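The values are calculated or read from the model by the stated rules, or taken from the named source; none is laboratory data. In this text the structure is predicted, and so the values were computed from the model without any measurement. Because the Cβ atoms are built from the backbone with ideal geometry, glycine has one as well, and the counts that use them run over all protein chains shown.
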Amino acid sequence: SGEGYGVELATTVSLPKGSGLGTSSILIAGCLRALQRLLCPWVCHDIEHETDNVLAVEQVMGSGGGWQDQIGGATPGLKFSHSRLSLDG
């Protein structure tokens, strides 16, 4: 009949654009996780693969998200990070 099949995701975000809270990365992570559960429920959840995919989507969209955004929002528990002091770029 010429009709295709597809999935439509509708989302609502009530934070202002550019809030710095990583909203776009967290939203993308949620959408990708939902699609994975729908299309490939037998595949184990892999946070490293998921964060790479979120970063790739952010880069394609040009929203400028960083790797830390989806890590913080897509993983449970308290977050702690540290780095060595350095002025080297």
Residues located in region 45-61, provided they are over 16 Å from Thr75 (Cβ atoms) and surrounded by 11 or more Cβ atoms within 10 Å (Cβ to Cβ): Ala56, Val57, Glu58, Gln59, Met61
Considering region 5-44, residues that are modelled with pLDDT of 75 or more, surrounded by fewer than 12 Cβ atoms within 10 Å (Cβ to Cβ) and not hydrophobic (A, V, I, L, M, F, W, C), and then whichever is farthest from the chain's Cα centre (by Cα), we arrive at Tyr5
Pairs returned, first residue in region 53-81 that is more than 11 Å from Gly22 (Cα to Cα) and assigned to a loop (DSSP other than H, G, I, E, B), second residue that is among the small types (Gly, Ala, Ser) and modelled with pLDDT under 75, beta-carbon separation under 7 angstrom, 6 or more apart or interchain, are Lys79/Gly72
